[in-house]
Amino acid sequence: MEARDILVHACCGPCSTASIERLLDEGWNPVLYFSNSNIFPEEEAERRYEALLEVAKVYQLEVIAELYDHESWLSFIKGSEGEREGGARCEKCFTYNLGQAAGKARELGFTHFTTTLTVSRFKNSKLIFFVGQQFEGFECIDFKKKGGFDRSVQRTRELGIYRQHYCGCEFSMQ
Ligand code: SF4
């Protein structure tokens, strides 16, 4: 493992575009990690994974995928199903996914990991950093900064990849 190798929890193809470009610009060697058992239904998770594979091909990056286990995610967030988006349910959701990424980073010998979740204008980067910092090796990178969100929209359009219309879980579909 090299000093600048970083495992990147990738939530979807669109958010990964600008995040990858920024990481490469800043001298990191990203490896993408798709672990998003929050996404419902499973076909939607598969669709987002396919979009990520297209992005990885463009930037010539490796992708590691975790098994989909929505039941496990549902038990983790139990009691917070009805919370508003951005609240307690989402904090638990970030904890679940970033915990998985931290575990995978440790298993594979990565000393750094981060997440593309901060690209979205609809996600609170401070909350993501608060959660991420509970795990060793987390890098607080706010990918929506430096024009990241706009760049992700532009690249998604250019590459013609699938962009979802809801955050991910069944509770975010309304
Ligand atoms: S709205 Fe998004 S971040 Fe919040 S719990 Fe659902 S999938 Fe996770």
Can you tell me which of E42, E54, E2 is in contact (Cβ under 8 Å) with a residue 12 or more places away in the chain, within 19 Å of S172 (Cα to Cα) and over 14 Å from the mean Cα position of the chain (by Cα)?
E42
Kindly establish whether G103 is buried (at least 16 other Cβ atoms within 10 Å of the Cβ), modelled with pLDDT of 95 or more and more than 13 Å from the ligand (Cβ to nearest atom).
no
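Any idea which residue in the range 78-120 is farthest from V153 (Cα to Cα), counting only those that are in a helix (DSSP H, G or I) and of a type in the set (G, A, S)?
G103
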Of all the residues that make up the range 156-174, how many are among the polar types (S, T, N, Q), within 16 Å of the ligand (Cβ to nearest atom) and either under 18 Å from the mean Cα position of the chain (by Cα) or not in a loop (DSSP other than H, G, I, E, B) (or both)?
2
Failed condition for F110, given (1) closer than 25 Å to R163 by Cα; (2) touching a strand residue (DSSP E or B) at 6+ places or on another chain (Cβ under 8 Å); (3) open to solvent by less than 30 Å² (accessible area, probe 1.4 Å), with all others met?
(1)
Which of the residues spanning the range 96-119 are over 20 Å from L24 (Cβ atoms) and of a type outside the set (A, V, I, L, M)?
Y96, N97, G99, Q100, G103, K104, R106, E107, G109
Looking at S75, is it within 14 Å of the ligand (Cβ to nearest atom) and assigned to a helix (DSSP H, G or I)?
yes
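I'd like the residue in the range 121-139 that is assigned to a loop (DSSP other than H, G, I, E, B) and in contact with a helix residue (DSSP H, G or I) (Cβ under 6 Å, 6 or more places away or on another chain) and, out of all such residues, is nearest to the ligand (Cβ to nearest atom).
Narrowing the range 121-139 to residues assigned to a loop (DSSP other than H, G, I, E, B): 121-124, 133-137, 139.
Next, from what is left, pick out any that are in contact with a helix residue (DSSP H, G or I) (Cβ under 6 Å, 6 or more places away or on another chain): 121, 123, 135, 137.
Numbers: R121: 14, K123: 7, F135: 17, G137: 22 Å.
Result: K123.
The values are calculated or read from the model by the stated rules, or taken from the named source; none is laboratory data. Model, not experiment: these values are computed from the prediction. Positions of Cβ are backbone-derived with ideal geometry, glycine not excepted, and every protein chain shown enters the neighbour counts. Side chains included, ligands, DNA and RNA excluded: accessible areas come from the protein's heavy atoms. Shrake-Rupley method; radii C 1.70, N 1.55, O 1.52, S 1.80 Å.
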